[in-house]
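K.L.:
Following this message is one structure expressed as structure tokens.
The values are calculated or read from the model by the stated rules, or taken from the named source; none is laboratory data. Predicted, not measured: the structure shown is a model, and the values here were computed from it. No Cβ is skipped: glycine too gets one built from the backbone with ideal geometry, and neighbour counts run over all protein chains shown. These accessible areas exclude ligands, DNA and RNA; they are computed on the full protein's heavy atoms, side chains included. Shrake-Rupley method; radii C 1.70, N 1.55, O 1.52, S 1.80 Å.
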Amino acid sequence: MRIQIVSGERNKRPYPVIHDWHHLLYEFEKKGHEVEYTTKSEWPFFYLKYLKFKPDIVICVGVFGAFAAFLKKIRLIRKPIVNDWTDDWAEIMGEKYGYKRIAFLERYMLRNADLITTPSRFREKIARKNEWKVVFRPHGTDMDFTNAKPARLSGKFKIVYAGDMADSKRLDLLVNAVSNLGCELYLIGKPNPKLEGIAGRNVHFLGAKLPDELPSYYLAANVLAITMDNDSSLKIQEYVKSGKPIIARQGRMSNIFKHKQNAYLASDFKKGILELMNDKKLLKQIAAGSRKIRVYSWKEVAGLYLELMQKVYKPKLSNNIK
């Protein structure tokens, strides 16, 4: 199959590989498919690349999908366009580029895509409500905990967060919550100066770590934290695979977790942390429930995605499908 992926990423083949569509790019190629990966700097040349590459299918990740959908609407593109609704684009880009502008582009590309795929049950529900053709596809992780040993972190009760520290992640809720609590909060990732300005002595900024280093920090934690109201965060799969208890923000996470069964869904992080600190039985219960959640490898995710494409579009695709 010839697949053209159009993404908002700046790097075609980054190291280390973090984002989902970089993982899937490699897995598609391993399975023998030809892939043209169009990055953000190449957007002006997208249509020329389309004409030259002659894809069987176009997968759009991000708001550029609105332009691709427009080209399909005026029949300059004749192949199926799949929009992978990876993030809530208006929410994360609206402040910088204008909420109404991004919301318009987001809705246009979703309404006019031949198919929407999404790793979010929340966004899947929205698509079905709008009667858009949508299918759920999971995220994956290849994080290996086999030989990992817990990192040496001080404190009797340790909370670990790993990932982006942008304002949209709402890490401030967690940093403020641990103030004056008898716990230690370890933040992994590029530090946010705003957070550094409000952090107490029990908040530790460890800086960015390579993916291979993360298992040790996860295993050292008593609790792993998710602060953004987003049920498709890539770290969810990593956290679940670690087997550690998870505390997450109440809201969209209820599409994945059940409160106090396989995660703690907090409307108030301080209250939730205090309860977990004082209830070892609840911690064990949550960890045991989390281990029952299915975690996919990126190879498995790629296989599921390709099977889906072949099932939906096989009559329109070329005969060299593998």
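K.L.:
Mind listing whichever residues of the stretch 1-50 are small (Gly, Ala, Ser), surrounded by fewer than 21 Cβ atoms within 10 Å (Cβ to Cβ) and under 19 Å from Val301 (Cβ atoms)?
P.N.:
Gly32
K.L.:
Any residue in the stretch 224-234 that is in a helix (DSSP H, G or I) and in contact (Cβ under 8 Å) with a residue 12 or more places away in the chain?
P.N.:
Scanning the stretch 224-234 turns up no residue that is in a helix (DSSP H, G or I) and in contact (Cβ under 8 Å) with a residue 12 or more places away in the chain.
K.L.:
Quick one: in the stretch 244-276, of everything that is part of a loop (DSSP other than H, G, I, E, B) and touching an Asp or Glu at 6+ places or on another chain (Cβ under 7 Å), which residue is least open to solvent (accessible area, probe 1.4 Å)?
P.N.:
Across the stretch 244-276, the extreme among qualifying residues is Gly251.
K.L.:
Sort through Ala68, Ala90 and tell me the only one that's in a helix (DSSP H, G or I), small (Gly, Ala, Ser), over 23 Å from Glu238 (Cβ atoms) and within 18 Å of the chain's Cα centre (by Cα).
P.N.:
Matching residue, one of Ala68, Ala90: Ala90.
K.L.:
Considering each residue of the stretch 29-54, count those that are in a helix (DSSP H, G or I) and under 15 Å from Asn11 (Cβ atoms), and give that number.
P.N.:
Final tally of qualifying residues: 4.
K.L.:
Related question: Only residues in the stretch 56-69 that are buried (at least 23 other Cβ atoms within 10 Å of the Cβ) count as the first member; pair them with residues that are in a helix (DSSP H, G or I) and small (Gly, Ala, Ser), Cβ under 7 angstrom, at least 6 apart or cross-chain, and list the lot.
P.N.:
Val58/Ala68; Cys60/Ala68
K.L.:
Also, quick follow-up: Could you count how many residues in the stretch 180-201 are touching a Ser or Thr at 6+ places or on another chain (Cβ under 8 Å) and buried (at least 18 other Cβ atoms within 10 Å of the Cβ)?
P.N.:
Residues meeting the conditions: 1.
K.L.:
Please go through the stretch 132-179 and give me each residue that is farther than 25 Å from Lys270 by Cα, open to solvent by less than 20 Å² (accessible area, probe 1.4 Å), not β-branched (Val, Ile, Thr) and not in a loop (DSSP other than H, G, I, E, B), ordered by number.
P.N.:
Within the stretch 132-179, Gly140 is the sole residue that qualifies.
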